[in-house]
1. If R₀ is 51 angstrom, what is the calculated FRET efficiency for the pair HIS35 and ALA148, using the beta carbon separation as r and rounding to 0.05?
2. Under a GNM of the chain (C-alpha, springs under 10 Å), which listed residue has the highest mean-square fluctuation: GLY52, GLY93, GLY200?
3. At a threshold of 8 angstrom on Cα-Cα distance, excluding pairs fewer than six apart, so keeping six or more, what relative contact order does region 49-173 reach in percent?
4. Taking every pair of Cα atoms in region 4-106, average 1/r, invert it to obtain the Kirkwood radius, and report Rg/Rh to two decimals.
5. What is the dipole size for region 4-106, taken about its Cα centre, with +1 at each Lys and Arg Cβ and -1 at each Asp and Glu Cβ, in debye to the nearest 20?
6. Stretched out fully, how many nm does the piece from GLU72 to MET221 gain, at 0.36 nm a residue minus the Cα gap?
7. With viscosity set to 1.306 mPa s and temperature to 10 °C, compute the Stokes-Einstein D of the chain, Rh being the Kirkwood radius across alpha carbon pairs; µm²/s, no decimals.
8. Rounded to two decimals, what ratio of Rg to Rh does region 116-225 give with C-alpha atoms and a Kirkwood Rh?
Amino acid sequence: MSTNDEAKKSLIQLLPDISVFDNPKPEGLLQRVLHIATNPGDLVLDSFAGSGTTGAVAHKMGRRWIMVELGEHCHTHIVPRLQKVIDGQDPGGVTQSTGWQGGGGFRYYELAPTLLSTDRWGNLVINPEYDAAMLAAAMCKLEGFTYAPSEVLWWQQGCSSERDFIYVTTQTLSAEQLEALSNEVGEERSLLVCCAAYRGVTATQAAERWPNLTIKKIPKMVKDRCEWGHDDYSLNVANLPMAQKPAAEGAAQDDLFGGDAP
Ligand SMILES: C[S@@+](CC[C@H](N)C(=O)[O-])C[C@H]1O[C@@H](n2cnc3c(N)ncnc32)[C@H](O)[C@@H]1O
């Protein structure tokens, strides 16, 4: 069984440009643990990924893995390390004993800041860190729309089909504004309006008066999308979106907010 010291040397060789953790776990130790506890193809979760030893060993052992990391190690250690494992450029650790030669891939997601926060009175509000574009992108994600702001029509910020669109605003909309919106949308299209609030009509009146609009209030609709009060919050990994291209090529996600993912 390898030691912490050997693990450290091996990691320094693999990632010479970064400062290595003081006591990285030896791959041999993780190999033993995973051998006892898992089978090939199983999912191994390391929610405190650190330098990524658990994921690297799981990968070499033919297990699937999910790693979560709060710190910068994700960019500095984990992604470059797993990239080398995949490229067959990591000769250290359990590479020999597993007969690992490279292959596979991964997807890489960056979590957005929390969408809701509480104000000083304890009310749920939209996190002030979100600008208008981030908010629109997040609401599209939650409601199953593709974020695609139109350059021509200000109220088309995303779509779910050729005729169904979403508009997100932090404003309180008046009945007059909703009327104007409904007229712009017309009979052939429909629009999900996500706003802070609306005034001048009840929900029932709004539905009758503007059948092409569905109006939702933002903090509440976000809350409705969250799951509360379950005994079992098991992650349904079967429903993860599939990658469009082999993750080994670079593995960055389509950025949720339209910029380049790191
Ligand atoms: C000692 S390392 C874990 C080593 C790792 N399990 C391995 O296989 O090499 C602990 C890591 O947990 C991370 N961490 C701490 N709190 C966290 C949190 N709430 N969510 C995600 N990562 C967290 C730290 O940044 C640190 O990198």
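The values are calculated or read from the model by the stated rules, or taken from the named source; none is laboratory data. Keep in mind that this is a model prediction, so the values were computed, not measured. Reconstructed Cβ throughout: ideal geometry from the backbone, glycine too, with neighbour counts over all protein chains shown. In case anyone asks, the SASA skips ligands and DNA or RNA and just uses the protein heavy atoms, side chains included. Shrake-Rupley method; radii C 1.70, N 1.55, O 1.52, S 1.80 Å.
1. 0.60
2. With Cα springs under 10 Å in the chain, the top fluctuation among GLY52, GLY93, GLY200 is at GLY200.
3. About 13 percent, as a whole number.
4. With Rg and the Kirkwood Rh in hand, the quotient comes to 0.91.
5. 260
6. Stretched fully, the GLU72-MET221 segment lengthens by 50.4 nm.
7. 73
8. Rounded to two decimals, Rg/Rh equals 0.96.
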